[in-house]
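Just below is one structure, and these are the notes that go with it.
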Amino acid sequence: MNLHTLLAFWTISILLAATPGADWAYVISAGIRDHAAVIPAVFGLFLGYIAITATIAGGIGALVASMPLAITILTFAGAAYLIKLGISLLRHPSLPKEGHERETGARRWITKGFAISGLNPKALLFFLALLPQFTNPGSSWPIFLQIGILGIIHTMNCVSIYLMVGSGARTILSSRPRASIVTGYISGVIMIMLGLGLASEDIIKLLHS
């Protein structure tokens, strides 16, 4: 792996991490709810991406991708979870909490984050499609190690972006309760739409198969 390849991958990775999606919606809701929730929420997303990286590097990713039923199950599981979180945000929009009202339960934020990233079939397919393109079969480094390094680079790019997004949401919206409620609703709608989009894509595929 040469420096030019790593820089090219890093650039693409940053652009992808900076694109709003379910991860953004999740860390924004965490940031609004409690600034102490941002780190465990992002850590959960981090663990999910590390799990996907390990899956791809270990060669299991290609096997899973070749099994339509496995992808379908993963898709519906991820879609259902996103919709569930979205509905929860609509029913209980995030509001800044301070002092004794601050939410606790870092494990819960970590678990949710892991489920959002780890159960995302598009993330699995993205890693599977993108990472091998930047590996060099002629390198003295084994392919699995190259994929692991690339996966970690992308994961750390995501972590840095998500930490800024979550902290920024807290800073900007902490003194604006109405804006916080609106943002919470928007985050919930985004999650529901993404979940429905995931599910509908697979339903269409099943109908045409």
Kindly state, to the nearest 0.05, the FRET efficiency for ILE14 paired with THR171, given R0 = 25 Å and r defined as their beta-carbon distance.
0.70
Extended-chain gain in nm, criterion 0.36 nm per residue less alpha-carbon gap, TYR185 and HIS92:
32.6 nm
Report ³J(HN,Hα) in whole Hz for each residue of segment 2-11, in order, from the Karplus equation J = 6.51 cos²θ - 1.76 cosθ + 1.60 where θ = phi - 60°; Gly and Pro get x.
9, 4, 4, 5, 5, 5, 4, 5, 4, 5
Descending semi-axes in Å of segment 138-179, equivalent ellipsoid built from Cα gyration tensor:
39, 6, 5
Roughly how far apart, in whole Å, are the Cα centres of segment 1-16 and segment 42-62?
19
Apply 1/(1 + (r/R0)^6) to the Cβ-Cβ distance of LEU7 and ARG107, taking R0 = 22 Å, and write down the FRET efficiency to the nearest 0.05.
0.05
With r as the distance between the Cβ atoms of ILE143 and MET193 and R0 = 45 Å, compute the FRET efficiency 1/(1 + (r/R0)^6) and round to 0.05.
0.80
In what sequence, highest mean first, do 149-156, 137-144, 35-42 appear when ranked by Cβ atoms within 10 angstrom?
35-42, 149-156, 137-144
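Values in this text are rule-based calculations from the coordinates and carry no lab data. In this text, all values refer to a predicted model and were calculated from it rather than measured experimentally. Glycine also receives a Cβ, built like all others from the backbone with ideal geometry; neighbour counts cover every protein chain displayed.
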